[in-house]
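Down below is the structure, laid out as structure tokens.
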Amino acid sequence: MGAAGRSPPTDRARPERRRRYAYQYSFARNPEWSRLFPRGAEVKRYHVEVARRFGLYPHIRFGNTVECEEWDDEAHLWRLHLADGGVRTARFLISAVGAFVRPKDDPGIPGVRSFRGKILRPSDWDHDYDLRGKRVAVIGTGASSVQIVPSIAPEVGALAVFQRTPVWCVPKPDFPVPAAMRAIAAVPGVVAAGHGAALVAIDAVLRTGTSAPLWLAKPAMRALDGAAVAAYRRYLNLVVRDRDTARRLTPNYGPIAKRPTMSTGYPLAFNRENVELVTDGIERITEAGIRTRDGALREFDAIVLATGYEVFSDPETYRPGTIVGRDGFDLGVFWSERGLQAYQSVSVPGLPNRWTLVGPYSWTGSGWHAFVEMTADHAVRAITEAKRRAATAVEVKRARHDAYHRDIHRKGAALRYYLAELNGHVPTYYRNSRGDTTYVRPSGFFEARRGNRRFPLDDYDYRQLSSETLSGTTTPARPA
């Protein structure tokens, strides 16, 4: 079950993904959002209400950490080994850990543990720590940093933002939703129609970008990136007073090579006297602060490690021995050796009765709710068919899985050029450590939805335990 950590003091957990029409379920639309980009507390209230309305709380086991998933082929069930030593079993298993699997504990900077001040992380923010008047460093310029910097800049004594790669950060059109607009949104079908129109536009852009022949796509991508960088440079020169700072904030890569962000306040924060942009590389963290490669030592009371997450699209995220299927099949080893791949992004041969909501080549440009609804529908459809056939194990056929992966890899040629060649110089989780573009599905949203909701049922193998084995199973399947 995916969840948000203790968010930093922005009151907006990842606002660029919280647009009110996109950040909700199709079966529980909310016409009463107070802002175009609702605050974190309002987003949380919505999800708590949905969970209560559909009776989820009695089925949730909070405080459980699953350390290993192990398939038992004799009993046709999964054994989930917990951190406290307990074991739970489940006939069917759906992995819903999300896209950002775990924060990076090690930012890759020597000396982190030697720092005597306060270390803060966006995923587990210490709200009891008072930043007022403190000397603070923020390492990283991704989505978390874009939210944190303008939020804490007015209250800290001094703020240094350590930047390796400039971020695309466009103005965010956030405003309170007028009562008249909320009344219109309450009319049945209006919110769904608005969201549908947005999906049609996103679908058209993604399909155009991935289906164009390379001889046409390459010059078009180069031209669009160049025009976008020039326009963004002009924007920064308008809003950032210091020309050198504006220059260093300007990316040298395309707007979708890394995750773009939205914040009106982030570039404006660098107009403050107490905010400094540091672009010299970090040599190490010391007991007192941060030493950069030019020899300068800056002392701090607190350091914010906004250095990112291990994401679903990297093979290193999946530790060998943590997901073990039929005949000893190890997902971590398989993806490390063969690259990330899964049938319709959700199912892998060797892992019966298991699906993942966020898998290889899965994101289609939509909001996460629309996206996970269709991958969940895939799992539910397969489970329903297994029950109809009285099957106790259902597993995607290797031939169908391999054919799907060949097709999706072929369709990703333009994306690989854009992310691995044209913008290969920029670090991005859209391109993983193997150079594969496994984050984005190179097709439109609607093709992905059809694939997950209408896949041929015979693309799976169905097996049934004997009645003697079923009656002799001593450990009942229970949801973990």
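The values are calculated or read from the model by the stated rules, or taken from the named source; none is laboratory data. Every value quoted in this text rests on a predicted model; they were computed, and no experiment measured them. For neighbour counting, all protein chains shown are included, and Cβ atoms are generated from backbone atoms with ideal geometry for every residue, glycine included.
Of the residues making up segment 272-314, those that are more than 17 Å from Ser145 (Cβ to Cβ) and of a type in the set (S, T, N, Q) are Thr286, Thr292, Ser313.
Got a sec? Which of Pro122, Pro150 is crowded, with 19+ Cβ neighbours inside 10 Å, in a loop (DSSP other than H, G, I, E, B), touching a Gly at 6+ places or on another chain (Cβ under 8 Å) and of a type outside the set (Phe, Trp, Tyr)?
Of the residues listed, the single one that is crowded, with 19+ Cβ neighbours inside 10 Å, in a loop (DSSP other than H, G, I, E, B), touching a Gly at 6+ places or on another chain (Cβ under 8 Å) and of a type outside the set (Phe, Trp, Tyr) is Pro122.
Is it the case that segment 423-435 has a residue that's outside any loop (DSSP other than H, G, I, E, B) and of a type outside the set (S, T, N, Q)? Outline the logic, then answer.
Of segment 423-435, the ones outside any loop (DSSP other than H, G, I, E, B) are none.
Scanning segment 423-435 turns up no residue that is outside any loop (DSSP other than H, G, I, E, B) and of a type outside the set (S, T, N, Q).
Checking every residue in segment 71-83 against the condition of being in contact with a helix residue (DSSP H, G or I) (Cβ under 9 Å, 6 or more places away or on another chain) and closer than 30 Å to Ile290 by Cβ gives zero matches. Could you say whether any residue in segment 58-80 is closer than 19 Å to His369 by Cα, in a helix (DSSP H, G or I) and touching a residue at least 12 places away in the same chain (Cβ under 8 Å)? Within segment 58-80, none of the residues are closer than 19 Å to His369 by Cα, in a helix (DSSP H, G or I) and touching a residue at least 12 places away in the same chain (Cβ under 8 Å).
Checking the stated criteria, Arg88 turns out to be part of a strand (DSSP E or B) and either over 26 Å from the mean Cα position of the chain (by Cα) or in contact (Cβ under 8 Å) with a residue 60 or more places away in the chain (or both). Among the residues of segment 153-166, just one is part of a loop (DSSP other than H, G, I, E, B), among the small types (Gly, Ala, Ser) and either out of contact with any helix residue (DSSP H, G or I) (no Cβ under 6 Å at 6 or more places or on another chain) or not assigned by TED's automatic domain parsing to the domain that holds Leu131 (or both), namely Gly157. Is there a residue being on the phi > 0 side of the Ramachandran plot, surrounded by fewer than 18 Cβ atoms within 10 Å (Cβ to Cβ) and either touching a residue at least 12 places away in the same chain (Cβ under 8 Å) or not assigned by TED's automatic domain parsing to the domain that holds Thr375 (or both) anywhere in segment 40-52? No: zero hits. Looking only at residues of segment 207-252 that are in contact with a helix residue (DSSP H, G or I) (Cβ under 8 Å, 6 or more places away or on another chain) and outside any helix (DSSP H, G or I), we find that the one that is surrounded by the fewest Cβ atoms within 10 Å (Cβ to Cβ) is Asn252. For segment 296-310, the criterion of being under 27 Å from Leu77 (Cα atoms) and of a type in the set (S, T, N, Q) is met by no residue.
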